[in-house]
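The values are calculated or read from the model by the stated rules, or taken from the named source; none is laboratory data. Worth saying up front: this structure is predicted, and the values here are computed from it rather than measured. With ideal geometry, Cβ positions are generated from the backbone for all residues, glycine too; neighbour counts draw on all protein chains shown. To get the accessible areas, we keep the full protein, side chains included, count just its heavy atoms, and leave off ligands, DNA and RNA. Shrake-Rupley method; radii C 1.70, N 1.55, O 1.52, S 1.80 Å.
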Amino acid sequence: MKISLNHLKNYVDINVSPEVLCDKMVMAGFEVESIEYAGDNIKNVKVGKIEKIEPHENSDHLQICQINIGEKENVQIVTGAQNISEGDLVPAALDDSYLPNGMHIKAGALRGVASNGMLCSGEELCLTESDYPGASVYGILILKNTEKIGADMREVLGLDDVVIDFKITANRPDCNCMLGVAKEISVVLKTDYHPPVTEYKTKGGDIKDFIDVTVKNYDLCPRYVGRMVTNLRIKESPVWMQKAILASGMRPINNIVDITNFVMLETGQPMHAFNYDKIEGKKIIVRNAEKGEKITTLDGKEYDLSPDMLVIADGKKPSCLAGIMGGEESEIEADTKNLFLESAKFRRDNIRHTSRALGIRTEASGRYERGTDILNTEYAMNRALSLIYELDAGDIVEGALDRYESLPEERIIKVKPADILSLLGVDIPVDEMVDILNRLDLKTTLKDGVFTVSVPSIRDDVEGRADLAEEVMRIYGYDHIISTPMRGDVIRGTKLPEREKSDKMKSYLCSIGCDEITTYSFVSPSSIDSLCLDADDDRRNAIKIINPLGDEYSVMRTTLIPSMLSVLATNINRKIEDARFFEQSKRFIANEMPIKTQPAELPTLSIGIYGKDEDFFTLKGIIEGIMRTFGAHTQYEVSKEPYLHPGRQALVKANNTPAAVFGEVHPEVLEKYGIETRVLVAEVKLDVLFNIKKRPTYYKPLPKFPAVERDYAMLCDSKIPVGTLEAAITKGAGRLLEKTELFDVYEGEQIPEGKKSVAFSVTLRSMEGTLSDEQIEAVNEKIVNNLSKIGAELRK
Amino acid sequence: MKEKIEQLKAAAAEALKNASSKEDLEALRIKYLGKKGELTGLLKQLGSVAPEERPKIGQLVNEAKSKIETAINENRDKIARAAKELKLAGEAVDITMPAKEKKVGVLHPLNRVLDDMIDIFKSMGFDVVDGPEVETDHYNFECLNVPADHPARDMQDTFYLADKLLLRTQTSAAQIRTMETRKPPIRVICPGRVFRADEVDATHSPVFHQIEGLVVDKGITMCDLKGVLEQFAREIYGKDTEVRFRPSFFPFTEPSVEVDVTCSECGGKGCRVCKGSGWIEILGAGMVHPNVLRCCGIDPDEYSGFAFGIGLDRLTTTKYKISDIRLLFENDKRFLEQFD
């Protein structure tokens, strides 16, 4: 809400500087978006009297002027203008002055004669005839001889105004106007508030002879006030009114339209002016639009209306889009003779809905959406009529058509002062509280230790003691709130077990060189597509956002892999040689499509790595480490993820439940992301891992007896997985096995085609005593037999 | 005899001076002290000395022997030491060569800051809870005192997934879930991801993060709110930080305040960072609105409480002086690894 301070001063006494006013208003709940100083672009330009004019020796058009600016010495200024005479008052831009057109004037010399400034034309001061008479004359602006010599031109031009843009919070629609803000200022500064006059005289007659008003839907239009004005005398509105309208960012049109806008600025109540002679059937009907109806608004655009939209219709058709914009046909024009004036209350959500649906936002619709006061309609109408009367813009017809079903009663709140203070924790004298509330027009009396507060309808945000507490506190001053340390039992907060577990996992991942990333929860459908998933893959059932910012962010992700691949691609494209990334976030899985209920939000971890030292087994190492932090018992199985390399991927089961998939990304997928190097990714279901109950850890005695180490080198079919061989050894060694370590796998020269050589080092130990040769030989025999059963023969 | 002993001593001393290796020393030892050595030889000749002189000469020979022995040993240690030193000197490294460090990863800057905050609030007795990101209209708006078509809904452009299903615009939704499941006294924070339909630019992101705080108990006042926020602000911004309340509006709190802290850049004197005001706005807060308490089945006449919402992204960008919020979601490794 932009407020001209000069305009505002008509309604409230302001005894502080604009800066102090802003500070005080901020502390009362009115944030200041900006302060603009009008005339800020004119500096050091003063009213000067031309005392003497002499010709310039070296020029036939330049003249040397001695200018009196109210100081001891005259200032010498050389000018080329010819429309000046001795004794004229002129605007003199002195040394180091600025003009609104951006010119910076400094002392200098013109053809060898010192010139300590410049005499200005109206154009150079960016003035028009309406700003100052004579401003459009070619040559120097000759000022009225009543101006004070030496006065700052900003004062002369009335450019000493300050425009403050207050941010009005959604709970204070009553402050979207001059009077609301003026009232608040009067409370904050403890100064007088002067509401404007609403007096006028009618020329008799009876409105009922002119027109009839019917409201068909009081739910959407709780009150409609209509008045008639005849014999309009349309002309320009006075300069003071035009200035106020301009300062608020609107455009002056003519006296009638300007009055409706000016009253809206003053009171916050939108008004609408109809050309009476264009109202068909001399009927005003407030009703819902009918199916198929159209309206052409003031701006010449045609809109299709739907039955949930409220219109002001005449006997035949919609004539105005209620509370939003008038129709083109009933517009007030220079030759309009008679006026029907509307001041109405419309339901804010309906205006909001229509305004959104049609994409029209106006000063009026904005105010209706935030909420207007039902009682203010009448006050605003009277104010408008008083201005019509004052400006002699027409003849006011006797009588009003005021339609409503009921008017609200004042809300009464009864509350003990102590109950207000108990929310604040501050001791405020009761008298002071009563005084503050009363100054805010919340009429308060104290009887038997209880406040009775009567809340006017314009403050319908004030509902109970919490609101009263806020009203009292913001005026009394929030700096009175003294902090108290946390009270109550000494307790230490806790984290959810999931967060504890994920913290542990993250610190593991960091310890092995993984950096954490953060990406958006929504992705493009094509990014899920790029994983080459089967047509019936569940991950294709991503939940769509109804109003996304764009296709790029339009579905809730069902997998974290696309986001990870994008991040990897970004880093690879920026020539970063290697990286290890992880992200913990949620996957969104719908319970039904289209969704009706909250989807499952599954905590998920993604990992992405690339670089010359990374391969399937480094990622497998990372996965094993993660499983260890959760105390999971793991198994690896061959998997068939379409986005992974068919021969380099695995499914990980944690305690027999599928918990992760990892592997090298399929080259076809990489191509879609523009990645030209091998990258590896994993997706881990944290919901599965969070559910694992970790067994408690107990001490195991350290070994007392020596271990025996034996190597087993074998030849077998190259298709037999190493894990199968290891399992045979493990089974054979039984409880004497301490560890098995793979130390060589070889295919190639000296090994028959289709075979491979595999070597393990096996450590055996007993906790009971030193192993005897017999014990060792028995184990050896079992191992060899087991290996032989699966087709692995020891190499001699 | 005596002279001979003296001569041998002198010769040995001279030879020792020239000995420079273990081998030289061993040769000297054999020459003088060995079984066939010169001093041993002298001892053998003791028979030829007059009987009354024998003990004296014998003693002289033994003295000479032990003297030479000591000298040889000392020299041996010296040479060994010198050899060790020489070896160590040869092993000197260039300490300015790069370290062989095992690379450690880093948490995302948002989570580093979040972890600090969680520690601070946990120490003040707050439990850390969670809430869903896809919320119902009921939890995100209705129960928070924002009925349908209330103008306050304009303050937050919402992403919808279905009728009455949306991406939460504020972690305040978790307040309601907490109050429905816990009985006062309640002291929780709920960190989480929130969404608003803001176009992406240097200071706006459709995805961002908040930390919601909620305290409900008997007799909670605005002074308690200020106490908690002051302690939090001092832990984050330094112990001299002051907190200021400014009246504001949120539908779910009443009274509502914006909370400013003294600018950590200038200490409140006014600078470019705080645009000359000396204050920086860090969060919104207020006393839980009676309608909200009622909606959760808590009697506002018996209990009161406060709530606050901290913008994690803003806190992070200010802390690290990150100029563009988009960097947080771009995940360039060189960016991420600056925050360890």
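Table for the structure above
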item	result
Extended-chain gain in nm, criterion 0.36 nm per residue less alpha-carbon gap, B:Lys183 and B:Lys103	24.1 nm
Structure-based [θ]222 nm, chain A - -39500 (n - 2.57) summed over DSSP H runs of at least 4, per residue, nearest 500	-7500 deg cm²/dmol
Added length on full extension, which subtracts the Cα-Cα distance from 0.36 nm per residue, A:Ile53 to A:Ser718	228.1 nm
FRET efficiency, 1/(1 + (r/R0)^6) with R0 41 Å, evaluated for B:Asp201 and B:Glu242 via beta carbons	0.85
Residues of region A:389-425 with amide N under 17 Å of a point placed 7 Å along Cα→Cβ from A:Lys208	A:397-404
Per-residue average of Cβ from other chains inside 10 Å of A:561-571	2
Placed amide H near B:Lys164: partners under 5 Å, 5+ positions off or other chain	none
Note, ³J(HN,Hα) from phi for region A:255-264, Karplus 6.51, -1.76, 1.60, rounded to Hz, x at Gly and Pro	4, 5, 4, 4, 4, 4, 6, 5, 5, 4
Neighbour cut-off at most 16 other Cβ (10 Å), DSSP loop, trypsin sites (Lys or Arg not before Pro), region A:343-437	A:Arg361
Unit charges at the beta carbon, dipole of the protein assembly as shown: most positive-side option, B:Cys296, A:Ala579, A:Val26	A:Ala579
Residue pairs, from the table A:Lys291/A:Lys345; A:Lys208/A:Lys414; A:Lys700/A:Lys755, whose Cα atoms sit over 32 Å apart	A:Lys208/A:Lys414; A:Lys700/A:Lys755
Fraction of accessible area attributable to carbon and sulfur, region A:691-779 (%, probe 1.4 Å)	52
For chain B, Cys with no neighbouring Cys Cβ under 4.7 Å	B:Cys190, B:Cys223, B:Cys296
Cα centre as origin, Lys/Arg/Asp/Glu Cβ charges: chain B dipole, Debye	2960
Beta bridge orientation in the protein assembly as shown: antiparallel %, DSSP, nearest 5	95
Separation in nanometres of the label points that stand 7 Å from Cα toward Cβ, at A:Lys694 and A:Ser406	6.5
Cα-Cα separations in region B:237-340 greater than 17 Å, expressed as whole percent	64
Solvent-accessible area per residue for region B:36-112 (1.4 angstrom probe, square angstrom)	75
Inter-label distance, nm, simple model (7 Å from Cα along the C-beta direction), A:Tyr636/A:Asp578	1.9
Volume of the Cα convex hull of region B:1-70, divided per residue and given in Å³	66
Violating pairs (Cα-Cα greater than 29 angstrom) within the set A:Lys167/A:Lys294; A:Lys167/A:Lys495; A:Lys693/B:Lys102; A:Lys144/A:Lys243; A:Lys243/A:Lys317; A:Lys501/A:Lys704	A:Lys167/A:Lys294; A:Lys167/A:Lys495; A:Lys693/B:Lys102; A:Lys243/A:Lys317; A:Lys501/A:Lys704
12 Å beta-carbon shell around A:Pro456, net charge (K/R +1, D/E -1)	-3
Within the accessible area of region B:284-339 (1.4 Å probe), percent carbon and sulfur	46
Residue-normalised accessible area of region B:140-216, given per residue in Å² at a 1.4 Å probe	31
Exercise: per-residue mean of other protein chain Cβ atoms within 10 Å, A:463-473	5
Centroid-to-centroid separation of region B:28-45 and region A:210-234 [C-alpha atoms, Å]	142
Sparse-neighbourhood loop sites, GluC sites (Glu not before Pro) in region A:608-690 - DSSP loop, at most 16 other Cβ within 10 angstrom	A:Glu676
Length released on extending from A:Asp165 to A:Thr191, taking residue separation times 0.36 nm less the Cα-Cα span	7.2 nm
0 to 90° range, to nearest 10: angle between helix A:616-629 axis and chain A longest Cα axis	80
Between region B:285-340 and region A:1-55, the alpha-carbon center distance in angstrom	38
Neighbourhood charge, 11 Å Cβ-Cβ cut-off, centred on A:Cys22 and excluding it, Lys, Arg +1 and Asp, Glu -1	-4
Selected from B:Leu165, B:Leu42, B:Leu225 as most flexible by GNM, with chain B as the system and alpha-carbon contacts under 10 Å	B:Leu42
Residues listed by number, region A:122-156, amide nitrogen under 15 Å from A:Glu236 label point at 7 Å toward C-beta	A:127-137
Projected-area mean, region A:583-714, by convex hull of Cα positions, square nanometres	13.2
Cα-based radius of gyration of region B:169-264 once divided by 2.2 N^0.38 Å, which approximates compact folds	1.21
Accessible area of region A:248-337 divided out per residue, in Å², using a probe of 1.4 angstrom	39
Dipole magnitude (debye, nearest 20) for the protein assembly as shown, charges at Cβ of Lys, Arg, Asp, Glu	5380
Exceeding the 23 Å Cα-Cα cut-off - candidates A:Lys235/A:Lys316; B:Lys226/B:Lys321; A:Lys612/B:Lys100; A:Lys301/B:Lys164	A:Lys235/A:Lys316; B:Lys226/B:Lys321; A:Lys301/B:Lys164
Computed label-point distance, nm, for sites A:Lys504 and A:Arg251 using a 7 Å Cα→Cβ extension	7.0
Heavy-atom accessible surface of region A:354-513: percent carbon and sulfur, 1.4 Å	51
Those aspartates and glutamates that a straight Cα-Cα span of less than 13 Å connects to A:Lys739, excepting residues fewer than 8 apart in one chain	A:Glu709, A:Asp711, A:Glu726
Modelled FRET efficiency - R0 45 Å, A:Asp479 with B:Glu330, Cβ distances, 0.05 increments	0.60
Total accessible surface hidden between A and B, rounded to 100 Å², 1.4 Å probe	7100
Region A:238-321: trypsin sites (Lys or Arg not before Pro) falling in loop per DSSP and having at most 15 other Cβ within 10 Å	A:Lys291, A:Lys301, A:Lys316
Cα pair distances in chain A, grouped into 20 Å bins until the bin that holds the longest one, percent each	11, 24, 25, 21, 12, 6, 0
Shielding of A:595-602 by partner chains, average beta-carbon count, 10 Å	4
C-alpha center-to-center spacing [region A:575-601, region A:737-796] in angstrom	45
